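Written below as structure tokens is the structure these notes are about.
The values are calculated or read from the model by the stated rules, or taken from the named source; none is laboratory data. This is a predicted model, so every value here is computed, not measured. To get the accessible areas, we keep the full protein, side chains included, count just its heavy atoms, and leave off ligands, DNA and RNA. Shrake-Rupley method; radii C 1.70, N 1.55, O 1.52, S 1.80 Å.
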Amino acid sequence: MKSLKNTLTFVIPLTVMLITFSIYLLTNNIVNTYKKKISSDYSIVIITHTPLIKENFDTIAGIKVDKINTLSNRSIIDNVKSTLSDSSIDLLNKRLPHFYEIHLNSFPTSTELKKIRASLLNDKNIKRIEIFSKNHNQIYLLLLMINNIIIVLFGLILIFVVIILSKQVTIWFFAHNQRIMIFQLHGASILYSASPVIKHAIYGAFLSFIISASLFVFVSYNLNMLLPAELNDILNTKIFVELEVLKLFLLSFGISIVTIFGVLFRYKIKNA
């Protein structure tokens, strides 16, 4: 019973940290997918006096341009051509401004949009600029804020977990202190002497990994079931589950091993 309690004291905080990291992985995937989606859908419309030289617009305010599409003004002419003569239509064709749709490589922030607008307005050939970003920008900033909050929360939990795990490993060292001293007197290395402590920590890390990875895999494949249908467009994301589970594995055993060797180092200095 005591052994189970000691193991749970190690497993519970480590599992909480891994679950928090799992939430971060999920939200980060959602944010990146949504960012790519709105980047491909989003465009800036500009109206120019004369035809635009597209080669001069590889970047705008430091943001790379993906492509520039020419928008046809044929619909405008079609609406009025029945009331105009051929010469008037030719004149209208010459006088009508030119419309272009600019697609960027990445979705710009509000600050970047201001810089883009200012940069485009410096071009005397550009008559008008239309930036349609309000709704996309609000949703993206909300997701980004949630993601940043989770990062901060994970950082705080990580600090507390390392402290708790260090104390628990130290308690295990004290519990096996006599055994460790006897083995060392017979010439055994500190690693071999402390093997029961290391086994406890490795077992706890593996158990925490299994719990958090199972929850992560379940949530990853059932996002649409767990959250409202209205969010399906946003949450329609492909998560590379194997890669994210590997990150959980590395974090679980990495934290455990670093904690063990940190306590081992302190123990060796103290008993040198």
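Note on Tyr42: accessible area is roughly 10 Å² with a 1.4 Å probe, heavy atoms of protein only. A straight chain from Ile171 to Lys36 at 0.36 nm per residue would run longer than the Cα-Cα distance by 43.7 nm.
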